[in-house]
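J.: Have a look at the structure that comes next, please.
The values are calculated or read from the model by the stated rules, or taken from the named source; none is laboratory data. Given the structure is predicted, the values throughout are model-derived calculations rather than measurements. Glycine also receives a Cβ, built like all others from the backbone with ideal geometry; neighbour counts cover every protein chain displayed. Heavy atoms of the whole protein, side chains included, go into the accessibility calculation; ligands, DNA and RNA do not. Shrake-Rupley method; radii C 1.70, N 1.55, O 1.52, S 1.80 Å.
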There are 2 protein chains.
Amino acid sequence: MSDKEFKRKVYLQDKPRKQAKDELIEALKLIPEIETVPTKVALGRVTALPIFANLSMPHYHASAMDGIAVRAEDTYEAHEHRPLHLKKNEQFIYVDTGNPIPNEFNAVIMVEDLQEIDDETVEIIVPATPWQNIRPVGEDVVCGEMILPQGHSLRPVDLGALLAGGVQELPVIKKPRVAILPTGNELVQPGSTMKPGDIIEFNGTVFASFVQEWGGEPLLSDIVVDNPKHIRQAIEKAVDEADMIIINAGSSAGSKDYTVHVISELGKVYTHGIATRPGKPVILGEVKGKPIIGVPGYPVSAYLALEWFLRPLVYHYQGIEEPKRETLKVRLGRRVVSNMGAEDFVRMNVGFVNGEFIANPLTRAAGVTMSMVRADGILVVSPDSQGLEQGEEVEIELYKPLEAIQKGVLFTGSHDLSIDIVSSLLRKKDVNRQIISSHVGSLAGIMAIRKGETHVTGIHLLDPETQVYNLPYVEKYLSGQDVVIIPFLKREQGWIVPKGNPLNIKTIEDIVEKGAAYVNRQRGAGTRILFDSLLTKHSLTAEQIQGYEREMFSHLSVAAEVKEKENSVGLGVYSAASTMGLDFIPVADESYDLVMTKSFFDSEGGKLFLEVIQSDEFIHTVEHLGGYKTVRDQTPKFLNN
Amino acid sequence: MSDKEFKRKVYLQDKPRKQAKDELIEALKLIPEIETVPTKVALGRVTALPIFANLSMPHYHASAMDGIAVRAEDTYEAHEHRPLHLKKNEQFIYVDTGNPIPNEFNAVIMVEDLQEIDDETVEIIVPATPWQNIRPVGEDVVCGEMILPQGHSLRPVDLGALLAGGVQELPVIKKPRVAILPTGNELVQPGSTMKPGDIIEFNGTVFASFVQEWGGEPLLSDIVVDNPKHIRQAIEKAVDEADMIIINAGSSAGSKDYTVHVISELGKVYTHGIATRPGKPVILGEVKGKPIIGVPGYPVSAYLALEWFLRPLVYHYQGIEEPKRETLKVRLGRRVVSNMGAEDFVRMNVGFVNGEFIANPLTRAAGVTMSMVRADGILVVSPDSQGLEQGEEVEIELYKPLEAIQKGVLFTGSHDLSIDIVSSLLRKKDVNRQIISSHVGSLAGIMAIRKGETHVTGIHLLDPETQVYNLPYVEKYLSGQDVVIIPFLKREQGWIVPKGNPLNIKTIEDIVEKGAAYVNRQRGAGTRILFDSLLTKHSLTAEQIQGYEREMFSHLSVAAEVKEKENSVGLGVYSAASTMGLDFIPVADESYDLVMTKSFFDSEGGKLFLEVIQSDEFIHTVEHLGGYKTVRDQTPKFLNN
């Protein structure tokens, strides 16, 4: 990068999101194209015109029953006490359901109401009324009748009515084609060998899948090199082929953000920058009457921007209503800070705890795709709010069916791979019974139980004084609360070091002496408390540990960090080291136990949970990981009961 | 049909629906197959196993901002009053968002916080804290982490997280293949030339579309000839190719219903006949461990049976929950009769009238596909109920989004093609503003306004005494109610006769004299009242009219009936005759006017309605039909205001 480039300054606008959307839709008169498709494959398509029947169904007077066709007038004398005989071919013919009724007959008598006398004669005892058991011409669909209005999304039953009415093909709205242009020199296709600085191009697949879900046809382009010439060429090609264009990344106002310049050269820019967080650096414009949307590279920002601006265009083009998400009133488990002047979009986890829906914010980082995967819903904080208080009731939009949220098991505490296994096995028993887990560490897990924010926590907290695990903490922080402690696992903690242990780390003193870069865990994590107690035991101080200040939030994150640096070491469990192909030097055996609220313990979900952790399949799978011993005696201890 | 065949009697069971379903699922242990698909095309598929990350994302320490990478320690002296200079390459390097941070640096300062001094030097006034603006390895996804549990339906964001985590292909549940066998000698493919007795095979397309919507893969077979040998062959082939089999028609217990015999020969029959109406003649069985479902030929019965028995199997196979329909509490506008011992499934129209949801049953005939198209929802009446009273509150399952129901315009009255046109134009203005119309005739329309069951009615009622149209009826039946009368259309009524008018019908006397078969309308229809007043005027009686007793419910039905018979004649509007290619002899000009409740007139829907009927597009389209004159002076008359 030449230093001069820093001098070119473009400032982002702070346009309200709704205004930006309305201006875009207003400015562009989207004229949908119409195409004719065979009715048989028209499921989900949208009618472009009202559709009228070409044929009546039935197209003849049809028998509605198996029986005989008669002239009603011939049967008027029939009576229980005066059975009437009818002659075949003269006075009746046999008909099956659906057979045409010849003009000379005008009623059908069901087979159940007949007595056969011989091959030529039947007996009846009840007269027929004219037109009984006959489906008149057009009973279902009458030729000329409007079967469907325009703007109708075709369901399976609609296709039946169309075919019944002789409509074998019909005019539908062409699916809007959306060109998706991933740009950036750092992007590589999935499956490439990765160098530092390479980023897998996955946003394009997500965008294409969204477009598909919304009824459009995605045209995902190759990765476009990040320079104005290539971006210009890509846009010009896309404008010829597609009805709308999405260009990913380069939408901000930095020195290498060319998109806005290219769009204003080729067409018009309506908006550059919206008052939202995340998602601010969005470009809304047009080239040759086609809408073009520049979205940021961070996945969460990009997905939200697509939903705000592309989704309405795709539905608008098709002339159908955007489906609305289900909403839910929830109580905030934690405070949500927000900045004035921008709409905040906060991904939330929601759980049904003690009879109410409690929602907690997930990470706010715009780069964390997993937060979209894990989110149960999204909270929109209005631009004139500075935030929402813990305990406040708010409405969120749901990303999952309410039933799944209602049945979800909230796990907040220290992460262990065994919890993923519990989650899988639980889901096998009941697909809606998913574990929603937050990795916050042991102490924060206990606090979540205390505040009624979780069903279960997993903890491994060594009391330095008594050298007893977990129980002292539960007694201290959860006194007076109805909780249940389940002895769960014994697991090995140890030094996680690069393959071959290049610094030959064996003890905590080695870390100090060999000047290793230590990868620490966050305050309140059981592993942090274990490390601190090792420091004390060996009369060492935090200042002697290089890297002590930096905090990672899980065993796997520690291992990932160790893998990055030759001279590093972390403390964590065996399974994390082995997953990353790292070496492991055992340090201590610890107790990882579960604490749950009594109300969850007693609930259907709690019972299933216990079934799972006591199952042979669970025990077998966990012990197979290495570094674990399951506790055979899982007798629950009840506190304050 | 040989008469003997009548003698073979099989009786249908009356098994409760839920019991039949549970027995079927219990008896069959469906073992889903697993297949590996590329992540890029896995949208909507269901994970077969828990999926773990193969890569961390980011897989290196990445800059989160455009700016410079520094050692935090080098910046501690920087202060507003003591700006600090940093040397390029020694103390900093330029980085863009996403660039890797070399090992010697540990913080990033944003470009906004820099002052460039020269090409080699920048100035800062705020110190950096370690690891600021750096995305650590695995911030998004950590290698080894569980991205998704098994049994998860893949959404766009999930595909992003999978690709980010280096998962380029994954194990998913194979889509269950459902073989669909349409049987019957009367069936012809859509587009064939139709003889009386031929029925278009459209159920297969509907079934295939349902299977697709539920996540299965339909295998729609050719039409199978209706004899045991061919049915046996078709089933044997289907069992080899598919996971489940649907066989359409022949599921009852008549002489030609071979299905049950063939299934019990080849496998097992668990159920033959369920306690529902419609849908009773259903067969549930298995052949070689594959479920096989025989469904009735009548479309409504067939679609319901599929939903009851196939849908749970398809979802069960995939290991995911059947989505539930939205439900709504409604008040019954009419009585719903039901028979004890069977669950009744009643298709319903629902409208939001005077602040409450009013539901009315549609036709109960199992052959009327259009009733499924028109239904807003379905009411299930329990087997121990004899029916539900008018005014009762009941819960129904919705077939349409609640918003569309809330915005729907209820039209109940005399049908006219112009109402279809209003419906189309209204929908153009607001896609949720659909007209839900019931063709019950003029007088019943007035009664629907009176009972608060509709928003609008269309009437053409001649008062025989005063020879004035409509107003006398409104004053008589709606006195004391807040209604608005909108003068709407003048239209021609006339004799609808076969092409060429073979009987040379000109007057009502001709009908009597030439012995024509008259096609009448139902009691209360404006056209019926017109015909009766013509009889009176010409001193004729109903007994002199052949066919007077038989009642059709719309102009188009009358025309369809006339088309069937050379010697027939009906009374109706010009457009109905011309649609069917029939001749038309004008008899009278009549006023077809609209009556609406004052509350609808004042509502947003009412305003849109009036806009539409006053629009040039509407006037042009209607006058183009022929036989109409639009009323230029549509000044509303207010009654009782």
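J.: What accessible surface, in Å², does a 1.4 Å probe find on A:Thr97, ignoring ligands, DNA and RNA and rounding to the nearest 10?
T.: Spelled out: A:Thr97, probe radius 1.4 Å, area about 60 Å².
J.: Give me a comma-separated list of calculated 3J(HN,Hα) values for segment A:83-88, in order, Karplus coefficients 6.51, -1.76, 1.60 applied at θ = phi - 60°, integers in Hz, x for any Gly or Pro.
T.: Listing the rounded values in order: x, 10, 9, 10, 9, 4 Hz.
J.: Rounding to the nearest 20 debye, state how big the charge dipole of segment A:461-532 is about its Cα centre with +1 on each Lys and Arg Cβ and -1 on each Asp and Glu Cβ.
T.: Numbers: 9 positive and 9 negative charges, 73 e Å.
Result for segment A:461-532 is approximately 340 debye, rounded to the nearest 20.
J.: Of the listed pairs B:Lys174/B:Lys288; A:Lys40/B:Lys607; A:Lys400/A:Lys428, which have alpha-carbon separations greater than 29 Å here? Each step should come with its number before you reach the end.
T.: Values: B:Lys174/B:Lys288 19 Å; A:Lys40/B:Lys607 38 Å; A:Lys400/A:Lys428 18 Å.
Pairs exceeding 29 Å: A:Lys40/B:Lys607.
J.: Here's another thing I want to ask about it. Buried accessible area for the A:B pair, summed, 1.4 Å probe, in Å² rounded to 100?
T.: Adding both sides of the contact gives about 9600 Å².
J.: Ordered by residue, what ³J(HN,Hα) values in Hz, to whole numbers, does segment B:519-533 give under the Karplus form 6.51 cos²θ - 1.76 cosθ + 1.60, where θ = phi - 60° and Gly and Pro are x?
T.: My calculation for segment B:519-533 gives 9, 8, 10, 6, 3, x, 6, x, 5, 5, 5, 4, 4, 4, 6 Hz in order.
J.: Here's another thing I want to ask about it. Mind checking the per residue accessible area of chain B for me, 1.4 Å probe, whole number of Å²?
T.: Averaged over the residues of chain B, the accessible area is 40 Å².
J.: Additional query: Want the number for A:Lys514 to A:Glu77: 0.36 nm per residue separation, take away the alpha-carbon distance, what's left?
T.: Numbers: separation 437, 0.36 × 437 = 157.32 nm, distance 11.45 nm.
Extending this stretch completely gives an extra 145.9 nm.
J.: Another question, if that's okay. Once you've got the Cα coordinates, tell me which of A:Lys268/B:Lys429; A:Lys29/A:Lys256; A:Lys598/B:Lys29; A:Lys88/B:Lys499; B:Lys195/B:Lys563; A:Lys324/B:Lys407 are over 26 Å apart.
T.: On the way: A:Lys268/B:Lys429 28 Å; A:Lys29/A:Lys256 32 Å; A:Lys598/B:Lys29 36 Å; A:Lys88/B:Lys499 35 Å; B:Lys195/B:Lys563 15 Å; A:Lys324/B:Lys407 15 Å.
Violating the 26 Å Cα-Cα cut-off are A:Lys268/B:Lys429; A:Lys29/A:Lys256; A:Lys598/B:Lys29; A:Lys88/B:Lys499.
J.: Please find, among residues of chain A, the one with the beta carbon closest to the rotation axis relating it to chain B, distance in whole Å.
T.: That would be A:Glu326, 5, residue then distance in Å.
J.: Given 37 °C and 0.692 mPa s, how large is the Stokes-Einstein diffusion coefficient of segment A:328-406 in µm²/s, with Rh as the Kirkwood radius over Cα pairs?
T.: Details: Rh = 12.6 Å.
Taking Rh from Cα pairs, D becomes 260 µm²/s.
J.: For the protein assembly as shown, what does the helix formula give at 222 nm: sum of -39500 (n - 2.57) over DSSP H segments with n ≥ 4, over the residue count, nearest 500 deg cm²/dmol?
T.: -7500 deg cm²/dmol
J.: Could you tell me the extents of segment A:506-641's C-alpha atoms along the three principal axes, largest first, rounded to whole Å?
T.: 51, 35, 21 Å, listed from the longest principal axis down.
J.: Once every Cα of segment B:43-150 carries one equal point scatterer and solvent is ignored, give the base-10 log of I(q)/I(0) from the Debye formula at q = 0.16, 0.17, 0.23 Å⁻¹, two decimals.
T.: The computed values of log10 I(q)/I(0) come out as -0.70, -0.75, -1.15.
J.: Provide Rg and Dmax in Å for chain B, with only Cα atoms included in the calculation.
T.: Answer for chain B, Rg first and Dmax second: 34.9, 116 Å.
J.: One decimal, nm, shortest first: give the distances between the label point of A:Pro312 and those of the same position in the other copies, each label point 7 Å from Cα along Cα→Cβ.
T.: Values, ascending and in nm: 4.3.
J.: Sticking with this one: Considering every Cα-Cα pair within segment B:271-402, what fraction, in whole percent, is farther apart than 23 Å?
T.: Details: 3245 of 8646 pairs.
Counting every Cα pair in segment B:271-402, those more than 23 Å apart make up 38 percent.
J.: Where Rh is the Kirkwood radius over the Cα pairs of segment B:344-450, the temperature 25 °C and the viscosity 0.890 mPa s, what D in µm²/s does Stokes-Einstein return?
T.: Result for D is 166 µm²/s.
J.: Between B:Gly480, A:Gln150, A:Tyr76, whose Cα lies farthest towards the positive end of the dipole of the protein assembly as shown when Lys and Arg beta carbons carry +1 and Asp and Glu beta carbons carry -1, centred on the Cα centre?
T.: B:Gly480
J.: May I ask for the net charge around A:Leu379, where only other residues with Cβ less than 10 Å from the Cβ of A:Leu379 are counted and Lys, Arg are +1 while Asp, Glu are -1? List each step's numbers first, then the result.
T.: On the way: positive: A:Arg347; negative: A:Asp344, A:Glu395, A:Glu397.
After counting each charged neighbour, the total is -2.
J.: Starting from the amide H of B:Val224, placed 1.01 Å from N in the peptide plane, find each other amide H under 5 Å away whose residue is 5 or more places distant or on another chain.
T.: So B:Val224 has HN proximity to B:Thr183, B:Gly184.
J.: Between B:Lys87 and A:Lys329, what FRET efficiency comes out of the Förster formula 1/(1 + (r/R0)^6) with R0 = 41 Å and r the beta carbon distance, rounded to 0.05? If you can, show how the numbers build up before the last one.
T.: On the way: r = 57 Å, r/R0 = 1.39.
Computed FRET efficiency for A:Lys329 and B:Lys87: 0.10.
J.: Which order do B:His455, A:His439 take when ranked by solvent-accessible area (1.4 Å probe, heavy atoms of all protein chains), largest first?
T.: A:His439, B:His455
J.: Net charge within 10 Å of A:Asp243 by Cβ-Cβ distance, Lys/Arg positive one each and Asp/Glu negative one each, not counting A:Asp243 itself?
T.: +1
J.: Could you name every residue in segment B:560-599 that has 30 Å² or more less accessible surface in the full protein assembly than in its own chain alone (probe 1.4 Å, ligands and nucleic acids excluded)?
T.: Listed by number, the residues meeting the 30 Å² cut-off are B:Ala560, B:Glu561, B:Glu564, B:Lys565, B:Thr579, B:Met580.
J.: When each copy gets a label point 7 Å from Cα toward the beta-carbon at A:Asp119, what are the spacings between them in nm, shortest first?
T.: Computed spacing set for this position: 11.3 nm.
J.: Follow-up. Where the eigenvalues come from the Cα gyration tensor of the protein assembly as shown, what are the semi-axes √(5λ) of the equivalent ellipsoid, largest first, in whole Å?
T.: Working: eigenvalues 947, 282, 141 Å².
They are 69, 38, 27 Å, listed largest first.
J.: Along the Cα→Cβ direction, 7 angstrom out, place labels at A:His230 and A:Met340. What is the inter-label distance in nm?
T.: Calculated label separation equals 4.5 nm.
J.: Oh, and also: Apply the Debye scattering formula to segment A:170-249, with a single equal point scatterer on each alpha-carbon and no solvent, then give log10 I(q)/I(0) at q = 0.22 Å⁻¹.
T.: Ignoring solvent entirely, the Cα scatterers give -1.00.
J.: Less than 12 Å Cβ to Cβ from A:Pro498, Lys/Arg counted +1 and Asp/Glu -1: what total charge do the surrounding residues give? Kindly include the intermediate steps, with their values, before the conclusion.
T.: Values: positive: A:Lys499, A:Lys563, A:Lys565; negative: A:Glu561, A:Glu564, A:Glu566, A:Asp583.
Counting the neighbours of A:Pro498, the net charge comes to -1.
J.: Given charges of +1 on the Cβ of Lys and Arg and -1 on the Cβ of Asp and Glu, with all other atoms neutral, how large is the dipole of the protein assembly as shown about its Cα centre, in debye to the nearest 20?
T.: Computed about the Cα centre, the dipole is about 220 debye.
J.: If amide H atoms are built 1.01 Å from N in the plane of the peptide, which residues on other chains or at least 5 residues away come under 5 Å of the amide H of B:Ile435?
T.: Correct list: B:Val409.
J.: Between A:Asp113 and B:Ser385, with labels modelled 7 Å along Cα→Cβ, what's the label distance in nm to one decimal, could you check?
T.: That separation, rounded to one decimal, is 2.9 nm.
J.: From the P(r) of segment B:194-306, can you give the percent of Cα pairs sitting at distances over 22 Å?
T.: Counting every Cα pair in segment B:194-306, those more than 22 Å apart make up 28 percent.
J.: For segment B:438-639, with only Lys/Arg (+1) and Asp/Glu (-1) charged at the beta-carbon, what is the dipole magnitude about the Cα centre, in debye rounded to 20?
T.: I would put it at about 160 debye.
J.: Determine ³J(HN,Hα), in whole Hz, for all residues of segment A:507-516 in sequence, where each value follows from phi through the Karplus function 6.51 cos²θ - 1.76 cosθ + 1.60 and θ = phi - 60°; x replaces Gly and Pro.
T.: 10, 5, 5, 4, 4, 5, 5, 8, x, 5
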